[in-house]
């Protein structure tokens, strides 16, 4: 994919990647993939939030 993104949950730091295509931020991590529209925040900030959500969801299961 494109740019690197690092994220942390419960002091567990991981990395993934993201790219912006057609007004959407696409994030890929070892916990899955997700995309959302680019809003008022920078794509990197959005990517970190999405990556953290994916990690939290995977750890809760």
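Quick notes on this structure:
- Count - residues of the range 41-50 that are surrounded by fewer than 16 Cβ atoms within 10 Å (Cβ to Cβ) and in contact (Cβ under 8 Å) with a residue 12 or more places away in the chain: 1
- In summary, residue 60 fulfils each of the numbered conditions (1) touching a residue at least 40 places away in the same chain (Cβ under 8 Å); (2) surrounded by fewer than 13 Cβ atoms within 10 Å (Cβ to Cβ) with the single exception of condition (1).
A quick yes/no check of all residues on (1) surrounded by 12 or more Cβ atoms within 10 Å (Cβ to Cβ); (2) assigned to a helix (DSSP H, G or I); (3) without any contact (Cβ under 8 Å) to a residue 60 or more places away in the chain; (4) touching a strand residue (DSSP E or B) at 6+ places or on another chain (Cβ under 7 Å):
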| site | (1), (2), (3), (4) |
| --- | --- |
| 5 | yes, no, yes, yes |
| 16 | yes, no, yes, yes |
| 19 | yes, no, yes, yes |
| 26 | yes, no, yes, yes |
| 35 | yes, no, yes, yes |
| 39 | no, no, yes, no |
| 52 | yes, yes, yes, yes |
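- Residue 9 passes every criterion in (1) at pLDDT below 95; (2) out of contact with any helix residue (DSSP H, G or I) (no Cβ under 7 Å at 6 or more places or on another chain) apart from (2).
The values are calculated or read from the model by the stated rules, or taken from the named source; none is laboratory data. For clarity, every value in this text was computed on a predicted model and none was experimentally measured. Here Cβ is always computed from backbone atoms with ideal geometry, including for glycine, and neighbour counts include all displayed protein chains.
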